[in-house]
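Chemist: Structure provided below as structure tokens; questions to follow.
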Amino acid sequence: MKSKGFNAHNKYMILKHALKENNVSRTCELFGISRTTFYNWQRAYQKYGMVGLEIKEPQKPQMPNKVNKTIEQEILAYVSSYPADGPKRIYYELRAEGIDIGETGIYNVLRRNNLTRKAQRVQYSKNKAFHMKTNRKDSKEILGFFNKQEIYPGYLVIQRINFMGTFDGIGKIYQYSFYDAASKWIAVKLYNKKQDIDIWNYFERKLVYLLKLFNINITNLATDRKKEFLPYFVKGNKYKEVIEELHINHIFISPEDNTALEDMMSLNKFLVTEFYDKIGLNHELDSFAKVEGALNKFIREYNFYNIILNGHNIGRTPVEAVLERASQNNVDLDTLPLWILALINYSRRGEKSEQGRL
């Protein structure tokens, strides 16, 4: 009797026989089934009971890499505009657009259209009389959510990665920045190896902790869509998990979207002139760890002492703007951790001493 001829009761009795005889090989030989079949039945019974032994209708094979026509057109449109990019780069770009397709699926589309090689894609792009229209939003539509009449800490946060340069005795420095448009508050994390960049780990471990501390939610999160760093924002599913868990409206913006990036780019220039350009002049900064510690101190002083010169929080410091929002959200500031209270009190004493000298 072939194994497929057994019903659930037959399978159960065979499993019971093997248990009673304590000999799987002899049971399989007796009933004419393979050991593989026996153990498949055993696992199915252990997991689902008698239901697991029921004969199942054969299912159509799943084809995870099959791509529908709409997505295929998106891929071809991208190739038409950026023929130098291969499957991996196309994968990251489409994921940034919210198009969920694997790298293998993209490769299959390219192979089906004879576009697996760069030279083929370049020729394909040249032969196109016009670039296909895609579902991508232009910058004005993307930034349409930014309502300047409704601006508060957490309303619009921008994140980006920059390569800050190679420094003697220290090596390369990559900087991840997290910038709040309303309070001008900034957080940074440095990396000295590109492969070590882990955005969402830092986001969860450090930034989400601070947001919960001050009872501040991120409404809109804009990620700078620089090609060389895009993979570090969309690699894996972690970013989707974080965004969905925190109910954040997340978008990617291009460097050309100066409306959203202008303030952050100005702040980045400030960091270059006031900190990075001075690393070589400070002989104590002779290691990556020391540079990172010094930058954290620099950023802390910026957040606590820098006076905001424009916008809704003009005249305040970034921390004052954040604390005001926290108070509006019913946070009892006296219950904040001691290290934060110490910094706040220290900054207030510094302001008083400054006023006394004026």
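Chemist: Which pairs turn up if I take residues in the range 264-275 that are within 18 Å of residue 301 (Cβ to Cβ) and among the β-branched types (Val, Ile, Thr) and look for partners that are surrounded by 12 or more Cβ atoms within 10 Å (Cβ to Cβ) and modelled with pLDDT of 90 or more with beta carbon separation below 8 Å, at least 6 apart in sequence or on another chain?
Modeler: Pairs found: 272/164.
Chemist: For the range 292-318, enumerate the residues that are of a type in the set (A, V, I, L, M), crowded, with 17+ Cβ neighbours inside 10 Å and at pLDDT below 90. Steps first, answer last, please.
Modeler: The first filter runs over the range 292-318 and keeps only residues of a type in the set (A, V, I, L, M), leaving 294-295, 299, 307-309, 314.
Checking which are crowded, with 17+ Cβ neighbours inside 10 Å leaves us with 295, 299, 308.
Across the range 292-318, the qualifying residue is only 308.
Chemist: Do you know which residues across the range 154-199 are farther than 24 Å from residue 238 by Cα and of a type outside the set (Val, Ile, Thr)?
Modeler: 164, 165, 167, 168, 169, 171, 172, 181, 182, 183, 184, 185 - these are the residues of the range 154-199 that are farther than 24 Å from residue 238 by Cα and of a type outside the set (Val, Ile, Thr).
Chemist: Can I ask one more? What number goes with the only condition from (1) charged (D, E, K, R); (2) surrounded by 20 or more Cβ atoms within 10 Å (Cβ to Cβ); (3) at pLDDT 90 or above that residue 193 does not pass?
Modeler: The one condition residue 193 does not meet is (2).
Chemist: Enumerate the pairs (first residue in the range 76-101 and more than 24 Å from residue 240 (Cβ to Cβ); second residue anywhere and surrounded by fewer than 17 Cβ atoms within 10 Å (Cβ to Cβ) and of a type outside the set (A, V, I, L, M, F, W, C)) with beta-carbon separation below 6 Å, excluding pairs fewer than 6 apart on the same chain, so at least 6 apart or on different chains.
Modeler: 80/125; 80/128; 80/131; 81/131; 83/125
The values are calculated or read from the model by the stated rules, or taken from the named source; none is laboratory data. Since we're looking at a predicted model, the values are computed, not measured. Counting neighbours? That spans all protein chains shown, and the Cβs are built from the backbone with ideal geometry, glycine included.
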